[in-house]
1. Determine, yes or no, whether residue 144 is surrounded by 14 or more Cβ atoms within 10 Å (Cβ to Cβ), at pLDDT 95 or above and part of a helix (DSSP H, G or I).
2. Right, residue 106: surrounded by 13 or more Cβ atoms within 10 Å (Cβ to Cβ) and out of contact with any helix residue (DSSP H, G or I) (no Cβ under 7 Å at 6 or more places or on another chain) or not?
3. Select from the range 42-78 the residues that are free of Cβ contacts under 8 Å to residues at least 24 places away in the same chain, farther than 16 Å from residue 116 by Cβ, out of contact with any strand residue (DSSP E or B) (no Cβ under 6 Å at 6 or more places or on another chain) and not in a helix (DSSP H, G or I) and list them in ascending order.
4. I'd like to know if the range 81-94 contains one or more residues that are surrounded by fewer than 12 Cβ atoms within 10 Å (Cβ to Cβ), at pLDDT 80 or above and either touching a strand residue (DSSP E or B) at 6+ places or on another chain (Cβ under 7 Å) or under 28 Å from residue 131 (Cβ atoms) (or both).
């Protein structure tokens, strides 16, 4: 006969005799890193649009759910936003270019901007930036940290005995 499952929070690790505890590492806010110097030796600055989006990201409740493993995705998102702003500025300054046969074509910078915006959109979907992305990920940011603390407390404290009353067996 199969053994019955233990009540949540009462299982003990056979190797060390301790109850399981889920880590709650969160990503601490960090500044945009310095950009490498351009060909002329002057360091490139982040564009204003990128700095505003960076500040807004850390002010948003989604930042509370970020973990250290999200850091590369956040940096990729910022670089993509910056590249898109740069390419759109150049494309809007000269929207029509000459093609290989002398015909008028749209600026190739629009293609660069489009690719950068796709990368940014993919990063936003992974990070949960925006209401739709948060909903798709099933994130309740305001309650995420509290729920994790409750779960750890239940594992450490032995769980709720109320669940036994609801069991129809």
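1. No: the conditions fail for residue 144.
2. Judged against the criteria, residue 106 is not a match.
3. Those that are free of Cβ contacts under 8 Å to residues at least 24 places away in the same chain, farther than 16 Å from residue 116 by Cβ, out of contact with any strand residue (DSSP E or B) (no Cβ under 6 Å at 6 or more places or on another chain) and not in a helix (DSSP H, G or I): 42, 45.
4. no
The values are calculated or read from the model by the stated rules, or taken from the named source; none is laboratory data. It should be emphasised that the depicted structure is a prediction, and the values quoted were computed from it without experimental measurement. For neighbour counting, all protein chains shown are included, and Cβ atoms are generated from backbone atoms with ideal geometry for every residue, glycine included.
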